[in-house]
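Following: one structure in structure tokens, then a few remarks.
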Amino acid sequence: MSSTMKFILITSTMEFTLTLKITIKLTQTLKLTSKGILTMKLTSKVILTLKLTSKVILTLKLTSKGILTVTLTLNLTLTLTVISI
């Protein structure tokens, strides 16, 4: 006796990327004036990049016997980059 197993399979995939970039520029100036003039200027720049990538896979499987299987797969990637110039 052989039976055929039928099932319904539904797969939904959602993927998104969120990027946040922050640039900070710092300038420091020192001036000294009396008889002589001394001027010193220091400029620095910091770039901060935060990237979040997410992928969600939802799978629903319904067999002919009435068994429902739900599978949720979540992949998260967080990348932080700091550059000082």
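The values are calculated or read from the model by the stated rules, or taken from the named source; none is laboratory data. Worth saying up front: this structure is predicted, and the values here are computed from it rather than measured. When we count neighbours, we look across all protein chains shown, and the Cβ atoms used for this are built from the backbone with ideal geometry, even at glycine.
Considering only residues in region 15-55 that are modelled with pLDDT under 85 and among the polar types (S, T, N, Q), the one that is nearest to Leu78 (Cα to Cα) turns out to be Thr39.
A quick yes/no check of all residues on (1) of a type in the set (A, V, I, L, M); (2) closer than 30 Å to Ser64 by Cα; (3) under 30 Å from the mean Cα position of the chain (by Cα); (4) surrounded by 10 or more Cβ atoms within 10 Å (Cβ to Cβ):
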| site | (1), (2), (3), (4) |
| --- | --- |
| Phe16 | no, no, yes, no |
| Gln28 | no, no, no, no |
| Lys35 | no, no, no, no |
| Thr43 | no, no, yes, yes |
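Filtered by the rule that a residue be in a strand (DSSP E or B) and farther than 30 Å from Val82 by Cβ, region 1-38 gives Phe7, Ile8, Leu9, Ile10, Thr11, Ser12, Thr13, Lys31, Leu32, Thr33, Ile37, Leu38. On the given criteria, is Thr63 out of contact with any Leu (no Cβ under 6 Å at 6 or more places or on another chain) and at pLDDT 90 or above? Considered against the rule, which asks whether it is out of contact with any Leu (no Cβ under 6 Å at 6 or more places or on another chain) and at pLDDT 90 or above, Thr63 comes out as no.
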